[in-house]
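Colleague: For reference, the structure I am asking about is given below.
Any read-out appearing in this document is the output of simple, stated calculations on the displayed coordinates, not a laboratory observation. Since the model is a prediction, treat every value here as computed from it, not as a measurement. Quick reminder, even Gly has a Cβ in these numbers, built from the backbone with ideal geometry, and neighbours come from all protein chains shown.
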Amino acid sequence: MDDNTKEIAEQIFCKQPQPINTIQLGLEEATADIAESEGVERFIFNILSIILMHGIEILFGHRNILRLSEDDFNLLQRYANSFGYKINKTIDEESRLLIIGFQHIR
């Protein structure tokens, strides 16, 4: 399977953020089969994470979400919203780990 996540990210993040739910991410049949075998939710999480990491690199010149200011994160959120997802982030105070999740916007 060819990984075209960088090309997808370039198409999204090289423009201004679009309105909510206006960019449709689709899977090719072979990719859909992999998603089913891995578990669709886990697969979607992994793909969204990779696309966002490419997006951070395109927008900010690095791939470290911890280095984003609140304004930077809000911009990233607007891009995620354009393809129908909200980024949920939480910092676990005890472990000091950043926990990222995605919520589909309907």
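Colleague: Taking loop as defined by DSSP and a crowding limit of 15 other beta carbons within 10 Å, which GluC sites (Glu not before Pro) in region 57-106 fit?
Modeller: In loop regions of region 57-106 (DSSP not H, G, I, E or B), the sparsely surrounded GluC sites (Glu not before Pro) are Glu93, Glu94.
Colleague: What is the gain in length, in nm to one decimal, between Glu94 and Ser69 on full extension, counting 0.36 nm per residue of separation less the C-alpha to C-alpha distance? Walk me through the numbers on the way to the answer.
Modeller: Working: separation 25, 0.36 × 25 = 9.00 nm, distance 2.19 nm.
6.8 nm is the gain from fully extending Glu94 to Ser69.
Colleague: Let me ask something additional. Mind listing the phi-derived Karplus ³J(HN,Hα) values for region 87-99, rounded to whole Hz, using 6.51, -1.76 and 1.60 with θ = phi - 60°, and x for any glycine or proline?
Modeller: 8, 9, 10, 9, 9, 6, 4, 5, 8, 6, 9, 8, 10
Colleague: How big is the equivalent ellipsoid of region 28-104 along its three axes, where each semi-axis is √(5λ) from the Cα gyration tensor, reported in whole Å from largest to smallest?
Modeller: Equivalent ellipsoid of region 28-104: 24, 16, 11 Å, largest first.
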